[in-house]
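These notes are about the structure you will find just below.
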Amino acid sequence: MREFNAVVLGAGGVGKSALTCRFVKDVFVETYDPTIEEEYSRELVVDGVWSRLEVLDTAGAEQFTAFNEVYIKSGMGFILVFSLTQEATLREVDNLRRQIYRVKGANARVPMVVVGTKSDLTTEREVSKSIIERLAAAWNLPFYETSAKKNWHINDVFEDLVRQMRDRYPPKPNRKKDKGKCIIM
């Protein structure tokens, strides 16, 4: 079974923990409790192949953003989260995207997915579909609109990222063992 790690980044209060908990535990966290750092693990099947995904849910609070560079250095894939009900949080995603390329290398193929949360709150929406389509094309990244409360497109996000990581980090070939040979030194 292949193992991957993903880092969930975004501004405070955008729904990073709700997204992560819905994926890992299939529960919706109703109350907002600011996260400092939580690590989760889940096995999943993507296109008939089993993988283990370690998910690091990070703090969005400004006083903890200094840790982002450490998370970025160790991360294999990234889920950049903004709230569809707060347009300002989309700017933070752009800052994080730029920081990832700065740390990983401007030409690096970095597995990444951009996620707009709270899609069920249609009357509070501030980020239009046209803005998302324009940014998806400009950034050349997949975008998903999700609702952790309604469980809309949650698995799609993580499955897309696993596919990208499988492509980016192919399995290392097994070393052949010499069977039946005795070597005396």
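The values are calculated or read from the model by the stated rules, or taken from the named source; none is laboratory data. Computed from a prediction, not measured in an experiment: that's the story for all the values here. Note that we place each Cβ from the backbone using ideal geometry, even for glycine, and neighbour counts take in every protein chain shown.
Name the single residue that is surrounded by the most Cβ atoms within 10 Å (Cβ to Cβ) among those in the range 125-148 being among the acidic types (Asp, Glu) and under 12 Å from residue 84 (Cβ atoms).
Among them, the one singled out is 145.
So if I check each of 126, 133, which one is acidic (Asp, Glu), over 19 Å from residue 5 (Cα atoms) and free of Cβ contacts under 8 Å to residues at least 40 places away in the same chain?
None of the others qualify; the one that does is 133.
Can you name the residue in the range 50-88 that is hydroxyl-bearing (Ser, Thr, Tyr) and at pLDDT 95 or above and, of all such residues, is nearest to residue 121 (Cα to Cα)?
85
Does residue 159 qualify as being of a type in the set (D, E, K, R), closer than 19 Å to residue 15 by Cβ, in contact with a Ser or Thr (Cβ under 6 Å, 6 or more places away or on another chain) and at pLDDT 90 or above?
For residue 159, the condition - of a type in the set (D, E, K, R), closer than 19 Å to residue 15 by Cβ, in contact with a Ser or Thr (Cβ under 6 Å, 6 or more places away or on another chain) and at pLDDT 90 or above - is not met.
Show the residue pairs that are 6+ apart or on different chains and have beta-carbon atoms under 8 Å apart, the first residue being within the range 148-164 and under 13 Å from residue 44 (Cα atoms), the second being exposed (fewer than 15 other Cβ atoms within 10 Å of the Cβ) and among the acidic types (Asp, Glu).
Between residues of the range 148-164 that are under 13 Å from residue 44 (Cα atoms) and residues that are exposed (fewer than 15 other Cβ atoms within 10 Å of the Cβ) and among the acidic types (Asp, Glu), the close pairs are 163/47.
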